[in-house]
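Data first, discussion second: the structure below is written as structure tokens.
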Amino acid sequence: MTEQARLSNATLSSLPREVTRPEYDRSRAKIGIVHLGIGAFHRAHQAVYTDSVLAGGDNDWGILGVSLRSGDTRDALEPQDGLYTVATRSGNGDSFRVIGSINRLLVAPENTEAVLDAMVDAAAKIVSLTVTEKGYCYSPASASLDESHPDIVHDLANPTAPKSAIGFIVEALSRRRANGTEPFTLLSCDNLPANGRTLQRVVTRFAELRDPSLADYIRENIAFPSTMVDRIVPATTDADRALTVAATKLTDTWPIMTEPFSQWVVEDHFPAGRPAWEKFGVTFVDDVDAFELMKLRLLNGSHSTLAYLGYLAGHETVSDVMKAPGFNDLIEAMMDEEISPTLPPLPGFDLAAYKTELRERFRNPALRHRTWQIAMDGSQKLPQRLLNTIRKCIESGSSFDRLALGVAAWMRYVTGVSETGAAIDVRDPLAAELKSRTAKKNSADEIFNALISMEQVFGDDLPANNVFRRSVEAQLEKILKHGAAETVAKTT
Ligand code: CS2
């Protein structure tokens, strides 16, 4: 087989007709958005909506993508002029679209000043983030800044050469204030409850520790709209790269695989201006909290539950898990009986249809979304996905055995040994602590006791709550005795 040419501005015109591509003059775009955390999710979601804005003729909203850690994305995309392919995959077939909204890429540890310069540039009106839960350098249970976090300690000691997203944001705002440049809007696009307010809390606290007048400036001048983001984006594999070359006849070293569904609900508070994203499917609302809670608890809560139980039961992907005995019923009952009653009302919203569609999305046979991928960073995900929902059930005196099964599966998973005795590659910022806490713990009460005192995860209420203890321990007991597959198959 001959080597295919690389995707780039120069080769765009050779794409097969059925591949959608930027038809606008990319060179005219100004950098209006600096995005921190230029990973697969951003490239499948906000960058796609913004590509449509640029195609619509508004050149003010090109994206500068910043990686806060590794240079992988820059290395893949720079030779492609920032272009990449999004493959939208489902049981009905695939479609391919080349996205042109990423105009420049920077790797923060290699080029701190260039990142700060871009953030200070007056044309940048929005700084957006997908840095995942752990990128907020907070305690997940309380959602307040973790002042002992190594990156925060570093950034407070070296404010002009930051490492964390929080450090970059505060330094850039400080420079804009000093220059008299209008501030930008901060747009969190991570899966956190009230993500705008959470970002505001950690940013303001960090600024307070640097200089209280800077914190006042931020309180008075900076907008932090909350958002709910939703699109399933599995990690790209070599098979996906081959699929993309076959369809586009060009080599793309980092194409993105995703599903047809995409949703973005945003609070409309952008004093410095924003793209007309509403023309391209984004919903603007006054208050996003109810949407965010619905999505976090129903989608992400179910996802994590399927991931831990499914991994333990030996399934590689979510669609495999959904086919295994009992899983669909478990998730359906968990959504209807345990999660839905905890959700704030969303008048006019068809919740039943939303839940049915969610399960359909999990079944998408064309997406190979690995249970292991979703299982990552559980210590950061559990509070908002499962534990807050359980708190609501405890408050109302209703049962939550299925949610407890999800928590128990996480506890079993982080012991680091699978049901066949193989090692589990537990990826989590607290992996070392999880490992040492669970070492040589075998029974349900030993494992539960080893983990429940992690205040960052369980707060100061759940460790003392006997209803919680009884329910989670009982489920953990079942998983240990019968294995995850049988436990799920028998759960009604
Ligand atoms: C997933 C999410 O990896 C995970 O933890 O639950 O990334 C999920 O696919 C997205 O939130 C969907 O919008």
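Below is a table of values for the structure above.
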| quantity | calculated |
| --- | --- |
| Residue check for ARG368: within 16 Å of the ligand (Cβ to nearest atom) and assigned to a loop (DSSP other than H, G, I, E, B) | yes |
| Qualifying residues in the range 148-183 (those that are assigned to a loop (DSSP other than H, G, I, E, B) and among the β-branched types (Val, Ile, Thr)) - the one surrounded by the fewest Cβ atoms within 10 Å (Cβ to Cβ) | THR160 |
| Residue within the range 195-209 that is touching a Pro at 6+ places or on another chain (Cβ under 9 Å) and hydrophobic (A, V, I, L, M, F, W, C) present | no |
| Matching residues in the range 351-365 - criterion: being within 13 Å of the ligand (Cβ to nearest atom) and under 30 Å from ARG470 (Cβ atoms) | LEU358, PHE362 |
| One residue from ALA246, ALA272 being small (Gly, Ala, Ser), away from the ligand (no atom under 15 Å from the Cβ) and under 30 Å from VAL170 (Cβ atoms) | ALA272 |
| Scan of the range 184-208 for residues that are outside any helix (DSSP H, G or I) and open to solvent by 30 Å² or more (accessible area, probe 1.4 Å), ordered by number | ASN191, PRO193 |
| Subset tally (residues that are over 16 Å from the mean Cα position of the chain (by Cα), more than 30 Å from ALA122 (Cβ to Cβ) and open to solvent by 30 Å² or more (accessible area, probe 1.4 Å)) for the range 254-286 | 2 |
| Helices (runs of 4 or more DSSP H) enclosed by the range 383-454 - at least 3 residues per element that are of a type in the set (Gly, Ala, Ser) | 401-413, 431-438 |
| In the range 455-472, the residues that are touching a residue at least 40 places away in the same chain (Cβ under 8 Å) and outside any loop (DSSP other than H, G, I, E, B) | GLU455, GLN456, VAL457, PHE458, LEU462, VAL467, PHE468, SER471, VAL472 |
| Any chance LEU214 is away from the ligand (no atom under 16 Å from the Cβ) and either among the aliphatic types (A, V, I, L, M) or open to solvent by 10 Å² or more (accessible area, probe 1.4 Å) (or both) | yes |
| Every pair of residues 6+ apart whose Cβ atoms lie under 8 Å, when the first sits in the range 371-382 and is within 8 Å of ASP428 (Cβ to Cβ) while the second is near the ligand (Cβ under 7 Å from one of its atoms) | GLY378/SER304 |
| Any hit, the range 300-317, residues being of a type outside the set (Val, Ile, Thr), away from the ligand (no atom under 16 Å from the Cβ), more than 26 Å from GLU133 (Cα to Cα) and not in a loop (DSSP other than H, G, I, E, B) | no |
| Filtered residues of the range 31-42 (kept if within 19 Å of PRO255 (Cα to Cα) and open to solvent by 10 Å² or more (accessible area, probe 1.4 Å)) | GLY37, GLY39, ALA40, PHE41 |
| Qualifying residue in the range 165-179 (condition: within 18 Å of the chain's Cα centre (by Cα) and within 16 Å of the ligand (Cβ to nearest atom)) | no |
| Total residues in the range 13-24, condition touching a strand residue (DSSP E or B) at 6+ places or on another chain (Cβ under 7 Å) and not in a loop (DSSP other than H, G, I, E, B) | 1 |
| Residues located in the range 339-348, provided they are surrounded by 13 or more Cβ atoms within 10 Å (Cβ to Cβ) and in contact with a Ser or Thr (Cβ under 7 Å, 6 or more places away or on another chain) | ILE339, THR342 |
| Selection from the range 413-427 of residues that are on the phi < 0 side of the Ramachandran plot and either touching a residue at least 12 places away in the same chain (Cβ under 8 Å) or not assigned by TED's automatic domain parsing to the domain that holds ALA485 (or both) | TYR413, VAL414, THR415, SER418, GLU419, THR420, ILE424, ASP425, VAL426, ARG427 |
| Flag if GLY416 is touching a helix residue (DSSP H, G or I) at 6+ places or on another chain (Cβ under 9 Å) and farther than 16 Å from MET334 by Cβ | yes |
| Pairs with Cβ under 6 Å, 6+ apart, first in the range 55-71 and assigned by TED's automatic domain parsing to the domain that holds ALA40, second open to solvent by 20 Å² or more (accessible area, probe 1.4 Å) and not in a loop (DSSP other than H, G, I, E, B) | ASN59/ARG28; GLY62/ILE31; GLY62/ASN103; LEU64/ILE31; LEU64/ARG104 |
| Unique residue being within 16 Å of the ligand (Cβ to nearest atom), buried (at least 19 other Cβ atoms within 10 Å of the Cβ), of a type outside the set (Gly, Ala, Ser) and closer than 30 Å to ALA29 by Cα when the list is VAL120, VAL131, VAL127 | VAL131 |
| For ASP329: the one exception among (1) under 18 Å from GLY406 (Cα atoms); (2) out of contact with any Gly (no Cβ under 7 Å at 6 or more places or on another chain); (3) touching a residue at least 60 places away in the same chain (Cβ under 8 Å); (4) buried (at least 22 other Cβ atoms within 10 Å of the Cβ) | (4) |
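This table checks each residue for (1) buried (at least 20 other Cβ atoms within 10 Å of the Cβ); (2) under 26 Å from PRO260 (Cβ atoms).
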residue: THR20; (1), (2): no, yes
residue: ASP25; (1), (2): no, no
residue: ALA29; (1), (2): yes, no
residue: ALA55; (1), (2): no, yes
residue: ASN59; (1), (2): no, no
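The values are calculated or read from the model by the stated rules, or taken from the named source; none is laboratory data. Here the structure is a predicted model, which means the values were calculated and not measured. Counting neighbours? That spans all protein chains shown, and the Cβs are built from the backbone with ideal geometry, glycine included. Only protein heavy atoms, including side chains, enter the accessible area calculation; ligands, DNA and RNA are left aside. Shrake-Rupley method; radii C 1.70, N 1.55, O 1.52, S 1.80 Å.
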